[in-house]
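Quick notes on the structure that follows.
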Number of protein chains: 4
Amino acid sequence: MSFNTFGRALRFTTWGESHGPALGAVVDGCPPGIALTETDIQPFLDARKPGTSRFTTQRREPDEVRILSGVFEGKTTGTPISLMIENTDQRSKDYSEVAKSYRPGHADYAYDAKYGFRDYRGGGRSSARETAARVAAGAVARLIVPSVSIRGWVSAIGGDVIDEANFDAEQIGQNPFFCPDAQAAARWESLVDKARKDGSSLGAVVTCEATGVPAGWGAPIYAKLDADLAAGMMGINAVKGVEIGDGFEAATLRGEQNADPMRPGANGPDFEANHAGGIAGGISTGQPVRVRVAFKPTSSILIPVPTVTREGEAGEIVTKGRHDPCVGIRGVPVVEAMMALILADHFMLHRAQCGG
Amino acid sequence: MSFNTFGRALRFTTWGESHGPALGAVVDGCPPGIALTETDIQPFLDARKPGTSRFTTQRREPDEVRILSGVFEGKTTGTPISLMIENTDQRSKDYSEVAKSYRPGHADYAYDAKYGFRDYRGGGRSSARETAARVAAGAVARLIVPSVSIRGWVSAIGGDVIDEANFDAEQIGQNPFFCPDAQAAARWESLVDKARKDGSSLGAVVTCEATGVPAGWGAPIYAKLDADLAAGMMGINAVKGVEIGDGFEAATLRGEQNADPMRPGANGPDFEANHAGGIAGGISTGQPVRVRVAFKPTSSILIPVPTVTREGEAGEIVTKGRHDPCVGIRGVPVVEAMMALILADHFMLHRAQCGG
Amino acid sequence: MSFNTFGRALRFTTWGESHGPALGAVVDGCPPGIALTETDIQPFLDARKPGTSRFTTQRREPDEVRILSGVFEGKTTGTPISLMIENTDQRSKDYSEVAKSYRPGHADYAYDAKYGFRDYRGGGRSSARETAARVAAGAVARLIVPSVSIRGWVSAIGGDVIDEANFDAEQIGQNPFFCPDAQAAARWESLVDKARKDGSSLGAVVTCEATGVPAGWGAPIYAKLDADLAAGMMGINAVKGVEIGDGFEAATLRGEQNADPMRPGANGPDFEANHAGGIAGGISTGQPVRVRVAFKPTSSILIPVPTVTREGEAGEIVTKGRHDPCVGIRGVPVVEAMMALILADHFMLHRAQCGG
Amino acid sequence: MSFNTFGRALRFTTWGESHGPALGAVVDGCPPGIALTETDIQPFLDARKPGTSRFTTQRREPDEVRILSGVFEGKTTGTPISLMIENTDQRSKDYSEVAKSYRPGHADYAYDAKYGFRDYRGGGRSSARETAARVAAGAVARLIVPSVSIRGWVSAIGGDVIDEANFDAEQIGQNPFFCPDAQAAARWESLVDKARKDGSSLGAVVTCEATGVPAGWGAPIYAKLDADLAAGMMGINAVKGVEIGDGFEAATLRGEQNADPMRPGANGPDFEANHAGGIAGGISTGQPVRVRVAFKPTSSILIPVPTVTREGEAGEIVTKGRHDPCVGIRGVPVVEAMMALILADHFMLHRAQCGG
């Protein structure tokens, strides 16, 4: 049993493999009457697009999205929105080695164990190319909650963390790392270059914040806003950890240190801190919703790793081809998309039960 | 819209408030023919039960479970299993302060913002008492995957981490902290005592490992095993972070450091490391499935915190009553239960699609 | 895989067997702030209750409902509402024959084929006693859509159809058949008496109409209002057919005969007919929603029927015990309950997507 | 909230409008390793294809399906199968009348009431063209349960019922009506011709039978096999009634007449009748699963019908264009497809819970 659908009220289904003819998403449940054209979606795909700097994979994909349904005279109709992105640069190469041997850290062995065989071209369905479909769906989701503002950035690469004192939102779009700290961005250039030249890869942390989320979104107990964010983020390729607010740091604190004291405010209470990351009891508090996401270094490296073949023989594997030296970088638009999709879903879920 | 059901093939629904007459779970989808009586469930409830040491809340609840349906002549019938636990120690106290003011860090304000009002007695539905129902359901789940062995422990309290070199599984049941490191347990005794006496609270980290999980469980893309674990764990009261395998540590590594090299083994490949925590591409690899869960310090402290009233006036609140100085401790059986429920679900999901 | 949950936004889960200690429903997603006590539910259970006339089973069950969660200070809180009904009259009898042989027309053989064994006491989970839980849940649903008025009646027994010209809503509550036609009710008395004395049973048709449903409820394509009604009604014990509006009669007509001409009206169009039963394209039109439901004669009869034993040997079976001579009669409150639950669900689904 | 996904273990999502660029289905959960190419699907689309005789709409659509994902080297991979059918004959015509006025019996008014506006070209999403996507998905489903044989036919048109004594399965493919009774087919030719020439339309009944379904499929209580069939069939455009087995006829019988006596058989019991249509308690009995489906006459007729405009003014409407004089005819492949999809789903659901 396979689940390629995410969400409850706003639901999207993705399909497609790395080297198939196309990939896409069907967005179901979108409210009617929202202005939508391809130009609302394309910028987000462009932000995720490979090949824009030497710090990402050199696969060249225009990632042009086409809306096939659900829009009439420029507005959403309330019926499913089918989005398609054609694959154009499935470079013909020799996959015999990947077909034969398992790349440690990849899904190769797990897919074989589950399904008996696998589409080994570029990782098939397990490729991060699938996230293009989420980014396209996420662009639609943003339009459903226009008062919410979502912004993600890379907050660490290879253990080199940004300095919060240097945080400058303007910087995020001005370097190839989605980095808000100009000094860190300068350091990362050589850091990632070195990893790339070594044939290695680097892990990263992505932080994402949504402002403008009103208090009251979230569906306890088993569709809590934080639980849904955890699922959505952990399901992104290469992600191994998710934190809401202070996350693991909170586990080192005492209660009074971790408190977010409240003060009378103009619209509901003001909070003097946001250790909680904007969520209490699985429900938004009106503070910024903040999540941190850990990306492992990609397993696609030129440094040989011991492995086994499908037939169980010992060997070594080197993953040639066009790979991201730090997949976390291009993870930023994906994390933002998942944030948008989950918030739009919870906006609608809340409206279902509580009106308004 | 509210979602008090979790799971896809094996699904459980919980209900009940902290100070209502009872709470319970309905477990749906359990395979037929499994021997089940209350005695299979009670030990897990006893492990979670409050009042067993001075390091947990002094509320006295026997937490005796009753099976109301789904079992005939000692075996599951394949129909829903209704489990009920009566509340017996809803101590009559004065809730006027909690009714009037919001406890920072609690769900009080968020519930009010969402629903317009709330059952303020003991936190109502947002109370961690709800987790008793999950623990009961989890005991059923364990019987569905009897070859899987699940073990959780506290690996840090208030930032004081166990020493892996001292790990001794036998220790876990021999101290009030589910601590596998006898030296750490000794230190924690004074640490938690101090927090308790200060009227404060401490955060903790719980680690949980499942062995005996075969390769191939997991439902890509949007019901990946790790994504479901992230959702299940993040939805536990007070949890703010979840890691699979090395988690955030992986984000600091290079690809070759994070690799889990494979070697020919007797039953499928052997792995020389388990940075991945037993999951690749959202599917189990046959290695132990390992998750780490961060619990914040409970917000129920005797140290005054600034807050606002329902009417928006400034004030301070002190949360009197019977509270856990470190909620992470009693989180261990809950984390284990969620692990069991998710693995049993994926066992069934895998069987649906792939047979066997 | 078992599904004991129905609904999407308003969801209810039922549990319990005919001869277990209790049965119940958990209603999830109910909007907050609705006044609710047991007295809002009990009258509907009383209408369905067995033993109220000689035309229903003589099993005596008070069917007293208890609300165990989800209500605080007399109002729904938005959290799951747990409803429990204890079984009190599980008459001790000898089930050895039913345990050994399959009753044709019952679920006995099918349950054994599916699950390997079954709770044979009173039919276990397949007993129509389960519908008490739906009726209780339905009473909650009615409160969610208070402007909708739902009324069901028996429109035929054993092929003897009421005369629409005699339709008098007042009559429905004044005879033991929920019959709106006093003359038909008089005829049915002897008809059902004869079947009962013969040890036989009779089929029936139940009609149900909901007025006050605004135009626009329904979720195309795969949660159409009529499709959900079909599922909900066909899932009631003994039901074999469902019609919306004219149903099978429409299949005999020409387009112009089946048209529901529209005329300008005060609030949207007026319709000059309602062949469609208030639903077009799976969405309500603002006309009364009308459904007809066919109940087969119960298979529990005193007339011997050839059958086989669990071991595959030939035999005959006579179903002794306390049975309804015409299960369709007590089907009326159940059909009404399903109508209420589905409409409340669609009210909320519509609000999720379209607001308002 | 919109639901364009159907199924639980095998799930398909459809998208597309009558006059958009394309329509399609994403089939999720298909077991891996099944041989699948477009040629497995095309014949079923051809059977449903318009324009094959004068008794169906003259819109010319090749309805060529393309598999965009989920298949590798000719076999299903277990990942979502994306199927796309391009629209080629969206004849440019003047839709101003339909845009302005509501066609009684169509979804026009209901869609406007729900969504505020609608894609009026050819009915948009409410067009029966959507069923092409189901037929494509159904072809995949058949391959999942290869031992099940599914056959549908038209059993009545405009009230003219086939004579069961003339039933000849060979005939079904040899006339333009999917009619198993050669004499009825001859009569229907003039009947449908007359309706067509009159600018009118006719209702029809489709019967569908699945043989080779083992005992034990079905998921009580709220995903009963018959309830799912009822939902699946009632959700087909123009359907107003569904019966399992004897359906409404059973409501006229006495218990002994409706019994399906059992006799010892080679593989489980033999049944001496099949009033139940192969389902008891929502679970298959091993007998043929039989369903009857009532299609109303299409509302697209040339005979003027009183209506209102969007602005609420009185008028009359004549639905010009290319329409089926009897939509039930082309309903046969759609009914078969839904039967296949539901049975494949229940095969997988059963395997999830009960193994095997």
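The values are calculated or read from the model by the stated rules, or taken from the named source; none is laboratory data. Source: prediction; values computed, not measured. Virtual Cβ from ideal backbone geometry, glycine too; neighbours counted across all protein chains shown. To get the accessible areas, we keep the full protein, side chains included, count just its heavy atoms, and leave off ligands, DNA and RNA. Shrake-Rupley method; radii C 1.70, N 1.55, O 1.52, S 1.80 Å.
Miscellaneous remarks
- Taking every residue in A:94-107 and counting other chain Cβ atoms within 10 Å of its Cβ, the average works out to 3.
- Among the listed pairs A:K296/B:K296; B:K224/D:K224; A:K49/B:K240; A:K240/B:K49; D:K194/D:K320; A:K49/A:K75, those beyond 22 Å (Cα-Cα): A:K296/B:K296; B:K224/D:K224; A:K49/B:K240; A:K240/B:K49; A:K49/A:K75
- With label points defined 7 Å past Cα in the direction of Cβ, position B:E272 shows copy-to-copy spacings of 5.4, 7.3, 8.5 nm, given to one decimal and shortest first.
- Mean residue ellipticity at 222 nm, helices only, chain A: -8500 deg cm²/dmol; runs of at least 4 DSSP H residues each add -39,500 (n - 2.57), and the sum is divided by the number of residues.
- The H on the amide N of A:S127, modeled in the peptide plane, is under 5 Å from the matching H of A:S18, each at least 5 residues off or on a different chain.
- Residue with peak Gaussian network fluctuation, chain A [Cα springs, cutoff 10 Å], from A:W153, A:W15, A:W217: A:W15
- Taking the longest Cα principal axis of chain B as reference, the axis of helix B:182-197 is set at about 20 degrees.
- When chain C is turned onto chain A, its residue with the beta carbon nearest the axis, and that distance in whole angstrom, is C:A352, 2.
- Residues B:D40, C:D89, ordered by accessible area of protein heavy atoms at a 1.4 angstrom probe radius and largest first, appear as B:D40, C:D89.
- Each residue of the range A:272-280 is assigned a 3J(HN,Hα), and the resulting list reads 8, 7, 9, 4, 6, x, x, 9, 9 Hz, derived from the Karplus form 6.51 cos²θ - 1.76 cosθ + 1.60 (θ = phi - 60°), x at Gly and Pro.
- Compared with the dominant principal axis of the Cα atoms in chain D, helix D:225-234 is inclined by about 10°.
- Copies compared at A:E311 - label distances in nm, ascending, label defined 7 Å from Cα in the Cβ direction: 5.5, 7.9, 8.3
- Largest GNM mean-square fluctuation across A:N237, A:N258, A:N267, computed for chain A with C-alpha springs under 10 Å, falls on A:N267.
- B:Y109 sits with roughly 40 Å² accessible to a 1.4 Å probe, with DNA, RNA and ligands left out of the calculation.
- Charge sum, other residues only, whose C-beta stays under 13 Å from C:A99's C-beta, Lys/Arg counted +1 and Asp/Glu -1: -1
- Rolling a 1.4 angstrom probe over the protein heavy atoms with all chains in place gives the range D:5-354 an accessible area of 30 Å² per residue.
- Once C binds D, the 1.4 Å probe can no longer reach about 8000 Å² of accessible area, counting both sides.
- Share of carbon and sulfur in the accessible heavy-atom surface of chain C [1.4 Å probe, %]: 49
- Spatial separation of Cα centroids for the range D:158-206 and the range B:160-237, in angstrom: 70
- The Cα center of the range C:43-68 and the Cα center of the range C:255-320 differ in position by 24 Å.
- Relative to the longest principal axis of the Cα atoms of chain D, the long axis of helix D:327-354 makes an angle of roughly 40 degrees.
- Annotation for B:E97, label-to-label distances across the other copies: 6.8, 6.8, 7.6 nm (shortest first, one decimal, point 7 Å from Cα along Cα→Cβ).
- Put simply, the amide H of C:S200, placed in the peptide plane, has neighbours under 5 Å in C:L302, leaving out anything fewer than 5 places away on its chain.
- When the Gaussian network model of chain D links Cα atoms closer than 10 Å, the mean-square fluctuations of D:Q287, D:Q174, D:Q42 top out at D:Q174.
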